[in-house]
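The values are calculated or read from the model by the stated rules, or taken from the named source; none is laboratory data. Keep in mind it's a predicted model, so treat the numbers as computed, not measured. Heads up, the Cβs are rebuilt from the backbone with ideal geometry, glycines too, and the neighbour counts pull from every protein chain shown.
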Amino acid sequence: MTDGQLPGTRGAPDGGAPAVECRGLTKHYWRGDALVDCSFSVPEGRLAALVGPNGAGKSTFLRIAAGLTRPTSGDIDVLGEPIVSGRTVATHVGYVDQVRPLYRRLRVDEHLRMAAAMNDVWDQAMAVRLLSQLEVPLRARVGRLSVGQQAKVAVTLCLATRPRLMLLDEPLASLDPVARTMLMRALLAEVSEMGTTVVLSSHVISDLDPVCDYLIILRDGQAVLSEPMDDVRAGHHLVVAGRDAPSPPGDVVTEERGARQVRWMVRSHEPPIGGLGGGSGEGPDVEVLRPSLDEIVVAHLTRRHASATTPADDGGVGAGGADGVDGAGQRDLVIADEGERA
Amino acid sequence: MTWVSWRLHRTQLLIIGTLAVLAAVAMAMTGVRSTSTSSLAVHDAQALVWGLLFALPVASGVVVGVTVTARERERFTNRLAWTQGISRTRWLLATLVPVAVAGSVAMALISSVASWWVAAIGQAPRIYPNLFDVSGVVPVGYFLGSMALGVLAGAVFRSESFAGWVAGIGAVAARIVVRTVVRPHLAPMVHLAPVLNGPGSTWSTVPGGGEPALGWLLNQGWVPVGRTTPLPGHPWFSSLSAFNGYRCPVVTGSGFRNSVYSDCADPARLHFVVNYQPPSHYWLLQAGEAGIFVAAAAAAIGLAVFLLRRSSE
């Protein structure tokens, strides 16, 4: 049963009830912290990308939202209901784990029968249609299928419960490009028809760039950015100027000093041109570029001091924060497909 | 959900069923043959069948139990199961109850064949521990207890093999403790004292024709007259010579000589006592012991549910 949301509301301006909202979410493991006082929300109807390096807390967040893991402290509401791990039965929430757990000895159609028995809502016709569209043989044992085929089965099992919210942990990891495209296309078609909210984690930003309309960047267990993709694109500017130019106004995310020029990633509502020292706007050596999503994400993840998720209005705040981001700092980043895990 | 349970545990149940059928066939062969001929080979075969009957409830219970929890957690399939539209509690009970019922039926069938077999080989009354353990209703109790212990171990430990070993060792230990410490007291013991106190007393004068017919012998020895057990803090004395350094002839041969009593027992005010459970207490002990294991199984399942509901996966 869907919530009756009409197709086409995707990308609507915020203001609807959040599909997921967490406040001060913290998860300690004895080997370290996965989430530290993490707060953000995803409005209903969005297709949200959850990005961040390994250990940023993406999987922990998704498992908490799915009711698998209980947080150390903090609250999380999913579809307006508080989640209590082990107690809450997530009837309208679908979850696909990053290891894509399936019963290896069971056939694909046996998985469908099992899911039908365990869910009040089950769309067998949709499951069969999707699997044939994705070229997954129904009679095959899951253990004999390729990793990509298994991912398709896992996502299909999730979709056929017609969830109002889907939580997908690295659904595309270790899939070949053909399988990626195929799965993503099928997923998008179904969720836009059902009006399902999707939260999808990934290392590979390029996969998410064209499809997602909401972005959450997790770093060290905190959300350093959480806003609609359009605002992310419109609100970030790459300023390139001569070595001696003063810092631009707005929230300077990173500053990269080269031999001749300096590059700032600036977060502000307006293009940060007027405030630059030249008086009559940009001088010949100042250039404002539109950064790629990749560059924006990398800037937030390499920032020296993670700051609040709201952009600073007054100029100069955080300007000195990114001193000395250099090539060595860049190399620490892991924004890559890390491959199949266990 | 019954289908889900069957599909997930089909392999284990088929193996248990096959072993049960094998044991039944072996019992039919060795049980029938023992009525006519009794050779060494038949004895060996009977010992083998007995070993299978003895081990099957615990082994199959543990294997089924850890499959329900530890295997799911080790392979992360519980992350699939627990994010469907049913609660963890319902998931556990729905997958567990059908296999528990199927396994119990298999154990009940095999132990009813075993009850016939135990009588057919006619070596001792069925209240004797080794025969008691494979007949009646206790095999069902052992199966359910071991299965629940497997489920509980799997709720604590994620590794299927480790949980299996823990549950297996725990179940064997529980059986040993219950058999040696608890079972003797599940029905009132019968004490036999005065029969041997007299000239010419031997085991053959015991009503019913001797020691084996008494039943399950628990304790015997010299204790003060008027008591059926030693004084608190004292062990059972099997011979008078061991008692307090009192100089006595060792009891030898086929019976108790008159002199033993006149020389030693009477001056020391001791008499010989035999404590035992008679064959008529068989079903009392069976019901009591099966009840203990079923109750323990219910408690272990309850604890496993509690732990699984709290666990972070």
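A few points about this structure:
- Boolean, B:Arg10 is part of a helix (DSSP H, G or I), of a type in the set (D, E, K, R) and either within 28 Å of the chain's Cα centre (by Cα) or at positive phi (or both): yes
- With respect to (1) more than 9 Å from every other protein chain (Cβ to nearest Cβ); (2) assigned to a loop (DSSP other than H, G, I, E, B); (3) surrounded by fewer than 20 Cβ atoms within 10 Å (Cβ to Cβ), the lone exception for A:Arg129 is condition (2).
- Being more than 23 Å from the chain's Cα centre (by Cα), over 23 Å from B:Gly61 (Cα atoms) and either crowded, with 16+ Cβ neighbours inside 10 Å or modelled with pLDDT under 95 (or both) is a description that does not apply to B:Gly154.
- Residue ranges of strands (runs of 3 or more DSSP E) in segment A:146-241 with at least 1 members in contact with a His (Cβ under 7 Å, 6 or more places away or on another chain): A:165-169, A:214-219, A:222-228
- Evaluated against (1) more than 10 Å from chain B (Cβ to nearest Cβ); (2) more than 12 Å from A:Ser201 (Cα to Cα), A:Arg87 falls short on exactly one condition, (1).
- Residue selected from segment A:94-108 under the condition more than 7 Å from chain B (Cβ to nearest Cβ) and closer than 20 Å to B:Ile86 by Cα, by the criterion surrounded by the most Cβ atoms within 10 Å (Cβ to Cβ): A:Val96
- Condition check for A:Ala17: more than 13 Å from every other protein chain (Cβ to nearest Cβ), touching a Pro at 6+ places or on another chain (Cβ under 8 Å) and modelled with pLDDT under 95: yes
- Within the span defined as segment A:67-84, every residue fails to be in a loop (DSSP other than H, G, I, E, B), in contact (Cβ under 8 Å) with a residue 24 or more places away in the chain and in contact with a Cys (Cβ under 8 Å, 6 or more places away or on another chain).
- Among (1) surrounded by fewer than 19 Cβ atoms within 10 Å (Cβ to Cβ); (2) aromatic (Phe, Trp, Tyr); (3) closer than 26 Å to B:Ser312 by Cβ, the one test that B:Trp82 misses: (1)
- Members of segment A:175-211 that are free of Cβ contacts under 8 Å to residues at least 60 places away in the same chain and among the β-branched types (Val, Ile, Thr): A:Val178, A:Thr181
- Applying a threshold of 9 Å to beta carbon distances and a minimum spacing of six or more residues, or different chains, the list of pairs starting in segment A:144-169 at a residue that is within 10 Å of another protein chain (Cβ to nearest Cβ) and among the charged types (D, E, K, R) and ending at one that is in a helix (DSSP H, G or I) and surrounded by fewer than 24 Cβ atoms within 10 Å (Cβ to Cβ) reads A:Asp169/A:Ser59.
- Segment A:68-84 - residue that is among the charged types (D, E, K, R) and more than 7 Å from chain B (Cβ to nearest Cβ) and, of those, surrounded by the most Cβ atoms within 10 Å (Cβ to Cβ): A:Asp77
- Flag for A:Gly45 being of a type outside the set (Asp, Glu), within 14 Å of A:Arg219 (Cβ to Cβ) and in the same structural domain as A:Val224 (by TED's automatic domain parsing): no
- Residue count for segment B:287-313, restricted to those that are modelled with pLDDT of 95 or more and outside any helix (DSSP H, G or I): 0.
- Checklist (1) buried (at least 16 other Cβ atoms within 10 Å of the Cβ); (2) modelled with pLDDT of 90 or more; (3) within 21 Å of A:Gln98 (Cβ to Cβ) applied to A:Ser146, failing item: (1)
- Qualifying residue in segment A:63-83 (condition: of a type in the set (Lys, Arg) and either touching a strand residue (DSSP E or B) at 6+ places or on another chain (Cβ under 7 Å) or over 13 Å from A:Leu25 (Cβ atoms) (or both)): no
- Whenever a residue of segment B:7-22 is more than 19 Å from B:Val97 (Cβ to Cβ) and within 14 Å of chain A (Cβ to nearest Cβ), it has no partner that is polar (S, T, N, Q) and surrounded by 13 or more Cβ atoms within 10 Å (Cβ to Cβ) lying with C-beta atoms less than 6 angstrom away and at least six residues away or across chains.
- Within segment A:29-39, at least one residue is touching a residue at least 12 places away in the same chain (Cβ under 8 Å), within 12 Å of chain B (Cβ to nearest Cβ) and surrounded by 20 or more Cβ atoms within 10 Å (Cβ to Cβ).
- With respect to being of a type outside the set (Asp, Glu) and crowded, with 17+ Cβ neighbours inside 10 Å, B:Leu109 falls outside the description.
- Verdict on A:Gly55 being within 14 Å of chain B (Cβ to nearest Cβ), outside any helix (DSSP H, G or I) and on the phi > 0 side of the Ramachandran plot: no
- Of all residues in segment A:260-278, those that are under 18 Å from A:Asp231 (Cα atoms) and either modelled with pLDDT of 80 or more or aromatic (Phe, Trp, Tyr) (or both) total 5.
- Cβ pairs under 6 Å, 6+ apart, first in segment B:78-98 and facing chain A (nearest Cβ under 9 Å), second in a loop (DSSP other than H, G, I, E, B) and hydroxyl-bearing (Ser, Thr, Tyr): B:Gly85/A:Thr91
- Breaking point among (1) surrounded by fewer than 19 Cβ atoms within 10 Å (Cβ to Cβ); (2) within 27 Å of the chain's Cα centre (by Cα); (3) within 11 Å of another protein chain (Cβ to nearest Cβ), for A:Asp120: (2)
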